[in-house]
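Report on the structure given below.
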Amino acid sequence: MLTIRRALVGLLTLATASVLSGCVSADPWEEVSPVPVDADPVVLAEQASEQAETLGRLLQEVEARFALEAPDLEILDAGTPAEDVATVLAETVPVNSQARAFLWSHAEYVEQQWSRDAPAREVMVVAGDAEVLGVAGGDPVASVPVRTTYVLDDGTSHETAVDYAVSWRETTTSGEVRLMTVRPLYEDDDVAALDSGAGRGSPLGAVHDYVRAVTHGSSGTIDRFEGTVRTSEELRSALKDRLLAVPRYTPVEVPCARMGSTHVVYLVQDGADELLRFDVDVSGDDPVLVPYL
């Protein structure tokens, strides 16, 4: 399984998508549209509450699996590796491809974090009340506040608090409600928004731009995406081969991994058994990105 071994470079300063395409930078935020007038607010609220409960249950499984020495698990086994977590969870809980990619990415991050520390004595994941925000991509979206508390062996504790945006879909045939996406919740001018995956300020967009530069740009183009410390030709070639071998991928941000202005994005390649990690800082005029292989 993938662990964080070495950064390919110190810092890679990325240009926006317009550098490669010649187009004006897109809006980095996708605003959540209002709920259709014919939607039943009571049903949506009930479904949102169920999805919040589902998210909390899934995150509890992942956190307990890797943070505790002898976890009490409902779905996973104590030996389930990070790369199998999403598959095992999906056998019990109906989730779509992006949600599966998120679960794998979250498991990868949690495993990496706790591989360096002594196990916690206890971990508690609490999903708060869901609030229906609207619709994105045709599916209802709700905000879900999640608080994770770790109690260490010495009795001290620390916690993380994250606001997630979850979407779901009810199938017309069976009535099954499927968790579609799990993403960080942003605000754009005090309006709930999601990362659009494009444009200046988008962590996912920065990763897309870097991937395009590595796979289809010239050496000069890639140089313009990098800062003063540049990737070696050997590492650049290895990364290009890895990306070209599996060109279809899903970029996923792990919200609980955010460190100040740095966002952690994993690249989940279709059919691959390892992930690529990118630390992305979008606080400046141009994104700064560090890939890990």
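Any read-out appearing in this document is the output of simple, stated calculations on the displayed coordinates, not a laboratory observation. Everything quoted here is computed from the prediction, not taken from an experiment. Methodologically, a virtual Cβ is constructed for each residue, glycine included, from the backbone with ideal geometry; neighbour enumeration extends over all protein chains shown.
For the chain, the mean residue ellipticity at 222 nm estimated from helices alone is -10000 deg cm²/dmol, where every DSSP H run of n ≥ 4 contributes -39500 (n - 2.57) and the total is divided by all residues, rounded to the nearest 500. Give the residue from Ala52, Val62, Ala39 lying farthest towards the positive end of the charge dipole for the stretch 30-195; charges sit on Cβ (+1 for Lys and Arg, -1 for Asp and Glu) and the dipole is referred to the Cα centre. The one lying farthest along the dipole's positive direction is Val62. As a ratio to 2.2 N^0.38 Å, the alpha-carbon radius of gyration computed for the stretch 202-293 takes the value 1.04.
A DSSP coil position with no more than 10 other Cβ atoms inside 10 Å describes the following trypsin sites (Lys or Arg not before Pro) in the stretch 44-138: Arg116. Evaluated on the stretch 144-250, the Kirkwood hydrodynamic radius is 18.0 Å, with distances taken between all distinct Cα atoms.
The charge dipole of the chain, taken about the Cα centre with unit charges on the Cβ atoms of Lys, Arg (+1) and Asp, Glu (-1), comes to about 1180 debye, rounded to the nearest 20. Taken over the alpha carbons of the stretch 92-188 as equal point scatterers, the Debye sum produces base-10 log I(q)/I(0) values at 0.14, 0.18, 0.23 Å⁻¹ of -0.65, -0.95, -1.26. Scanning residues 5 or more positions from Leu133 or on other chains, those with amide H under 5 Å from its amide H are Val141, Ala142, Ser143, with H placed 1.01 Å from N in the peptide plane. Exposure proxy ranking for Arg248, Arg183, based on other Cβ atoms within 10 angstrom of each Cβ and starting from the fewest, stands as Arg248, Arg183. Rounded to whole Å, the principal axis extents of the Cα atoms in the stretch 21-142 read 49, 46, 24, largest first. The stretch 214-293 and the stretch 158-208 have their alpha-carbon centroids 20 Å apart.
Size descriptor for the chain, Kirkwood hydrodynamic radius: 20.0 Å (Cα pairs only, one decimal). From least to most packed, judged by other beta carbons within 10 angstrom and beginning with the fewest, Met259, Met124 follow the order Met259, Met124.
Summing Lys, Arg as +1 and Asp, Glu as -1, what charge do residues with Cβ under 14 Å from the Cβ of Thr149 carry, Thr149 excluded? The answer is -1.
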